[in-house]
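Please treat every number below as a calculation from the coordinates, not as lab data. Bear in mind the structure is a predicted one, so any value in this text is a computation, not a measurement. A quick note on method: Cβ atoms are made from the backbone with ideal geometry, for glycine too, and the neighbour counts reach across all protein chains shown.
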Amino acid sequence: PYLITKSGTKYYEMANGKYRMRVPFIPVKAYAKYIDEYRDAEILDDGFEEFDFIVDKIGHGRYFAFEIKGDSMDDDSKRSLSNGDIVLARELGKEHWRNKLHTDDFPNWVIVLNNTILCKQIIDQDLEEGVIKCHSLNTLPEYSDFDLKLNDVCQLMNMVQRVSSSF
């Protein structure tokens, strides 16, 4: 038995009082398909595998699991997101984008653009201009900070959990 929220997320109650949360999994090889489907319909009901996370409570909103691609968010620290890690991300509705984002509580974000999906920290926000400053943890010069107009963003999600592929 499980509970399905309005957004379609499935929750299975566990004996220890926690929940196993099942969400659509968007692996790197499916990034292009995800972008196309999101742009065309904004409804993602099937076609993707699912991934389970253990959570303390039933959440509200739309959740997705993404596979991390590349090493831009890897600085060899405990907070790194390494190539192959799986992250649980919660969609932030567009109506909230012009408000101050909760970057202290959620430093890492999945940002869906028309042609790619990024994993970055948002370190600054210009509320008047609708611009965010994106930051990578990796200090190599090719990963320098950059500005992104929110008008160019299709979907914005804060990361709430990570499953590491390395130990």
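Could you work out the helix-only [θ] at 222 nm for the chain, with each DSSP H run of four or more residues adding -39,500 (n - 2.57) and the total divided by the number of residues, to the nearest 500 deg cm²/dmol?
-2000 deg cm²/dmol
When the convex hull of its Cα atoms is viewed from all sides, the stretch 57-154 shows a mean projected area of 6.9 nm². Per-peptide packing, taken as the mean over residues of other Cβ atoms within 10 Å, places 14-23, 82-91, 110-119 in the sequence 82-91, 110-119, 14-23 from highest down.
Under 1.5 on a/c is rounded, so check that first for the stretch 46-85, then, if it is not, pick prolate when a/b is larger than b/c and oblate when it is not; a ≥ b ≥ c are the square roots of the alpha carbon gyration tensor eigenvalues. Please list the in-between numbers first.
Working: a/c = 2.89, a/b = 1.58, b/c = 1.83.
In terms of gyration-tensor shape, oblate.
Using the Cβ-Cβ distance between Asp124 and Asn83 with R0 set to 35 Å, the FRET efficiency from 1/(1 + (r/R0)^6) comes to roughly 0.85. Distance from the alpha carbon centroid of the stretch 83-130 to that of the stretch 6-38 works out to 18 angstrom. Its Cα gyration tensor gives the stretch 1-83 an equivalent ellipsoid. The semi-axes, each the square root of 5 times an eigenvalue, are 24, 21, 9 Å from largest down. Of the peptides 61-67, 30-36, 145-151, 157-163, the order by per-residue mean of other Cβ atoms within 10 Å, starting with the highest, comes out as 61-67, 157-163, 30-36, 145-151. Taking 26 Å as the limit for the C-alpha separation, the pairs Lys6/Lys78; Lys6/Lys57; Lys29/Lys120; Lys10/Lys149 exceed it in the case of Lys6/Lys78; Lys10/Lys149.
Using only Cα positions of the stretch 76-131, each an equal point scatterer, no hydration layer, compute I(q)/I(0) via Debye at q = 0.14, 0.19, 0.31 Å⁻¹ and quote the log10 values to two decimals. Reported log10 I(q)/I(0), two decimals: -0.45, -0.81, -1.56. Across all Cα pairs in the chain, the calculated P(r) in 5 Å bins from zero up to the longest distance comes to 1, 8, 17, 21, 20, 17, 10, 4, 1, 0, 0 percent per bin.
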